[in-house]
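Take a look at the structure set out below.
Laboratory data are not the source of any read-out in this text; all were calculated from the coordinates shown. Everything numeric in this text was worked out from a predicted model, so none of it was measured. As a convention, Cβ positions derive from the backbone with ideal geometry for all residues, glycine included, and neighbour counts pool all protein chains shown.
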Amino acid sequence: MGMDFVVEVKKVEEEEEVESKYLKGVRYLCENNITRVPNKYILPLASRPEKGRKAAAAQTLKLPVIDLAKLRSPGCRLQVLETLAKACENYGFFQVVNHGIDGELVSRMASVGKRFFELPFEERVKYMTSDVRAPVRCGTSVNQVVDSVFYWRDFLKLTCRPLESVLPHWPSSPMDLREEAKSYAERSKSLFLELVEAILDSLGVGTGMLPEFEDGSHLMVVNCYPRCPEPNLTLGMPPHSDYGFLTLLLQDDVHGLQVQCEGEWVTVEPVPDSLVVNVGDHLEIFSNGRYKSVLHRVLVNSIKSRISIASLHSLPVDRMVSPSPELISESNPRLYKDTDFAAFLDYMSSCETKQKNFLDTRKLTHENKRNIKSLEE
Ligand SMILES: O=C(O)CCC(=O)C(=O)O
């Protein structure tokens, strides 16, 4: 065996060892006291957050507010539905207040999510798997199997359907995780159903699909963004849109979520006791493009770690998603192809953040092609 070969093998082994360290997650790196961001997390210049940073720092966005107490009041409902429609058309995002999920439960959920990531690595590693269908999955970045550059984020994904059968697979530590996450998941589902009913109302379509949503998919993602020694070189999450119908996001008091608004990245101001809600791709398709699934991303910072809990809700996984027939007419032709959950899995394994090809380019008029262009941008 030549000396060069031995040196080469040793180099490959060393590189593999370093790579496997990154797969253990950002918390693991931070527990080992790093002071610089490793190359693996350094984004190309054009993708770094400081591009447009001045504008972003100056611009925080107060999202349109949907007051659930008013939505429930017959005298105010119509006006709230109008605000809801405008928010979904113009921002793809809104925040809900008076949502009815007990504040103590919200705090306990945020606390148990945080404590999960504070567990020793040996405990977290039990849930690390690359199987995207596992009922519980702990991981790092977005898709650690294909990401060439890693994002400064660890996550715990909990499948929430059917709740009773997935529950025994959820982490048994911290001891209160199952109980709190189950209660929170149940309340999140009820809130989602209430919001979907309002969304269907605001679109002027019947509520006949509600039972399907009751049976729909539900995934809870606890995101952990540890403090980052050089936050300008990396991101917690890249620009992406969410796949489902609606995402309900609980964020702590640390700024980080940015939404694309008129071509600029603007930071969403965290509002105590509210939840951020955004339109997902399935709703964009269902509404035939009237409601927008908007790109968003996450910044990290050097001062305080951040936790968020995203609840992604949609139709059942085997259900085709199509534009509502009530929203298609000669003057408003269908803009999207049918899509299903398999398309989502393809997309997940492709690492592209907005290369989702459910636009139906076969039946387009010139006017619609122009609309699509703006949807794709
Ligand atoms: O952490 C956040 O604020 C956003 C998380 C997010 O975009 C996601 O989980 O898809």
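Given the pairs Lys114/Lys157; Lys40/Lys304; Lys24/Lys304; Lys40/Lys292, which are separated by over 25 angstrom at their Cα positions?
In this structure, Lys40/Lys292 lie more than 25 Å apart at Cα.
Apply the Karplus curve 6.51 cos²θ - 1.76 cosθ + 1.60, θ = phi - 60°, to the phi angles in the range 130-144 and return the couplings in whole Hz, x for Gly and Pro.
3J(HN,Hα) across the range 130-144, in whole Hz: 9, 7, 5, 9, 5, x, 9, 8, 10, x, 9, 6, 9, 9, 5.
Around Met128, which amide H atoms from residues at least 5 apart in sequence, or from another chain, sit under 5 Å from its own amide H, with H modelled in the peptide plane?
Counting only residues 5 or more places away or on other chains, the set is Cys138.
Which order results if Cys138, Cys88 are arranged by neighbouring Cβ count within 10 Å, fewest first?
Cys138, Cys88
Taking neighbour Cβ counts within 10 Å as the exposure measure, how do Thr207, Thr247, Thr140, Thr339 sort from fewest upward?
Final ranking by Cβ density, sparse to dense: Thr207, Thr339, Thr140, Thr247.
At 37 °C and a viscosity of 0.692 mPa s, what translational diffusion coefficient does Stokes-Einstein give for the range 220-329, taking Rh as the Kirkwood radius over Cα pairs? Give it in µm²/s as a whole number.
216
Can you sort Val321, Val65 from fewest to most other Cβ atoms within 10 Å of each residue's own Cβ?
Neighbour counts put them in this order, fewest first: Val65, Val321.
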